[in-house]
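One structure below.
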Amino acid sequence: MTTLQTDRRKFMLGSTGLLATGLAVPAWARGESLSHARQGFGEVSGERIALSVDRHHFGVGGRKGHAIAVNGTVPGPLVRLREGQNVRLDVTNNLVEDTSIHWHGLLLPFQFDGVPGVSFPGIKPGETFTYEFPIRQSGTYWWHSHSGLQEQEGHYGPIVIESAEPDPRYDRDYVVLLSEFSPRHPHEIARMLKVGEHYFNYQMQTASEGDMPLDERLMWGGMRMNPRDISDVTGATYTFLVNGHGPMDGVEYLFASGERVRLRIINGSAMTFFNIRIPGVPMTVIAADGMDVAPVEVDEFQIGVAETYDVIVAPPDGSHALVAEAMDRSGMGLASLTSHRGHRATPPPLRDPVTLTMADMGMGSMDGAHGGAMNHDAPGGGHGGMDHSGMNHGGDDASPATDHGSMDHGSMDHSMRDTSKLPPDVKVGPGIDMVAPMPMDRMDFPGLGLETVDHRVLRYTDLKAARPNPHRMPTRQLTIHLTGNMERYMWSFDGEKFSAVTDDPIRFAYDERVRVKLVNDTMMAHPIHLHGHFFELVNGAGMMDQPLKHTVVVQPGSTATFDVTANEPGDWAFHCHLLYHMHAGMMQTVTVRPFPAPEDEA
């Protein structure tokens, strides 16, 4: 009770400050009566679709707060489309602030991509904006606001695009939209992260906890870094949702005996990586980010923010827990896959908290714990095999540079802050507090906390395109560093916040083929999303088999590489999809020019 009273007093002081400065105060701050948004979502479809954005209250799991609802629900409605149709979406803004909708993963003209300041001006209060574009694909996608921090407040929803060709592989088809709800206003969360990046972390390691050697403990302390810094915002304030419902709400996915069920799993959260499993029920992954992949059977997979995975399951009769455990193990979303209506499955307990390792600092692959490294430095490389030359596989003859046991921890603080290791095009300043000394490709890494489980876990190296992709060799390589200062909560690309680089976009020539290497100099995983395009993961698959994705998770202290054909002209956002990282500056604009001549003139 005391905490709630304190928070409310701080909030009211903040609202008073707005009044004192003469700034416009939104309805929720003025205490006006708001209707309560419905949990879950309905469905809209057709050639013309109307969406209305409004302020509402929302509550789940005993937590209540303000929200943004679309068509009266949190999440907003499932937009169901069909491949080959043309669609018009009329979005009416009933807020007192600008809003927008980005159609995440959809191929469309850039002026309808929905990013204010990049591809259109936004939707003003009281206005209706019509998005109009042809549907050129099928699969599982989602939509969300790209205005401020509205996505955190409920302004998001799923998209399913039906294929022009029926799929006989399943009998039932369900959407599993994962997200979070906090009673705190997102700007309050952003302020708390700026004041103290560990504000929501209740799993800090004590001096005597675990089996970490003393020298490593001293090293972490000397660097002012926390080996339990897994997620910025946690179950301390979040309730984790499945289709807008909390763990105690009893969400059911019904099936009949012998049926095969397709689950379209969407991570529509603001900040949470989820580990997905159905204990006792294998999952066959058939699509990633809406694009078909060769089927691969797993028992668990980690899904980054903004990714989607489609799986097919053939559950035995009974009730099975569909578990979406937060990566930091601070809570879970929960539903029941059941053949008995009204029967809830018993969920497993939360697993032990995750602790970062030397490899997560960009110290290379220590003791082989985090999988191999692939050599993608040359545009023609990375397809044939693994480069193990820098790895210690546990043998007695391991080199000092990669032997965990023989490393000089006393010198690591200096090496991890040595900005001379960065290329000259990276802006060095207070926005960078760490440089990964030995970043390695970790496409074979299953995700933080999953490297030691005793069952099958999906890795990016398991993904192959379902059908061969036409392939051209890249003609240029571009390296981008993911940079940040965790203590000050500053995030950027190449050391520069988005606000500082709006006039200096990443430039691609139309139809240019580029290999992009992302170097993560931070100790957090970043889901990096490119608007308007699909890229091919350079994951060790053959040239024709590289899987298509629109979002790639770059693991801590590591690299990730993709090939992209810049064949969608216009201006596109490129950013980390952790909402508060993007808000703090980890975003850029990609511009593709020139526009091609119309077909009748070509």
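The values are calculated or read from the model by the stated rules, or taken from the named source; none is laboratory data. Model, not experiment: these values are computed from the prediction. We place every Cβ from the backbone using ideal geometry, glycine too, and count neighbours over all the protein chains shown.
Tabulated values for the structure
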{"read-out": "In the stretch 86-108, residue farthest from Glu43 (Cα to Cα) [restricted to those that are touching a residue at least 60 places away in the same chain (Cβ under 8 Å) and in contact with a Phe, Trp or Tyr (Cβ under 7 Å, 6 or more places away or on another chain)]", "value": "Leu108"}
{"read-out": "Asp545 being surrounded by fewer than 21 Cβ atoms within 10 Å (Cβ to Cβ), touching a residue at least 40 places away in the same chain (Cβ under 8 Å) and either of a type in the set (Ser, Thr, Tyr) or assigned to a loop (DSSP other than H, G, I, E, B) (or both)", "value": "yes"}
{"read-out": "Top-ranked residue of the stretch 166-210 - restricted to ones that are among the basic types (Lys, Arg) and outside any loop (DSSP other than H, G, I, E, B), ranked as modelled with the highest pLDDT", "value": "Arg172"}
{"read-out": "The lone exception for Glu568 - which of (1) of a type outside the set (A, V, I, L, M); (2) buried (at least 24 other Cβ atoms within 10 Å of the Cβ); (3) within 24 Å of Arg467 (Cβ to Cβ) it fails", "value": "(2)"}
{"read-out": "Test: Thr561 is of a type in the set (S, T, N, Q), part of a loop (DSSP other than H, G, I, E, B) and crowded, with 24+ Cβ neighbours inside 10 Å", "value": "no"}
{"read-out": "When residues of the stretch 549-564 are limited to those that are of a type in the set (A, V, I, L, M) and within 16 Å of the chain's Cα centre (by Cα), the one nearest to Ser119 (Cα to Cα)", "value": "Val552"}
{"read-out": "Meets criteria (surrounded by fewer than 21 Cβ atoms within 10 Å (Cβ to Cβ) and charged (D, E, K, R)) for Asp113", "value": "no"}
{"read-out": "Answer from Arg228, Arg277, Arg262 - the residue that is among the charged types (D, E, K, R), outside the structural domain of Asp462 (by TED's automatic domain parsing) and either touching a helix residue (DSSP H, G or I) at 6+ places or on another chain (Cβ under 9 Å) or at pLDDT below 95 (or both)", "value": "Arg228"}
{"read-out": "Test: Met271 is in contact with a helix residue (DSSP H, G or I) (Cβ under 9 Å, 6 or more places away or on another chain) and crowded, with 18+ Cβ neighbours inside 10 Å", "value": "yes"}
{"read-out": "Residue check for Phe255: surrounded by 24 or more Cβ atoms within 10 Å (Cβ to Cβ) and modelled with pLDDT of 95 or more", "value": "no"}
{"read-out": "Glu162 being more than 30 Å from Pro505 (Cβ to Cβ) and surrounded by 15 or more Cβ atoms within 10 Å (Cβ to Cβ)", "value": "yes"}
{"read-out": "Test: His581 is under 13 Å from Phe493 (Cβ atoms), in a strand (DSSP E or B), in contact (Cβ under 8 Å) with a residue 12 or more places away in the chain and not β-branched (Val, Ile, Thr)", "value": "no"}
{"read-out": "Failed item, numbered, when Gly221 is tested on (1) modelled with pLDDT of 95 or more; (2) outside any loop (DSSP other than H, G, I, E, B)", "value": "(1)"}
{"read-out": "Among (1) part of a strand (DSSP E or B); (2) modelled with pLDDT under 95; (3) surrounded by fewer than 18 Cβ atoms within 10 Å (Cβ to Cβ) - the single one Arg488 does not satisfy", "value": "(1)"}
{"read-out": "Where Ala294 falls short, out of the listed (1) among the hydrophobic types (A, V, I, L, M, F, W, C); (2) outside any strand (DSSP E or B); (3) farther than 18 Å from Asn267 by Cα", "value": "(2)"}
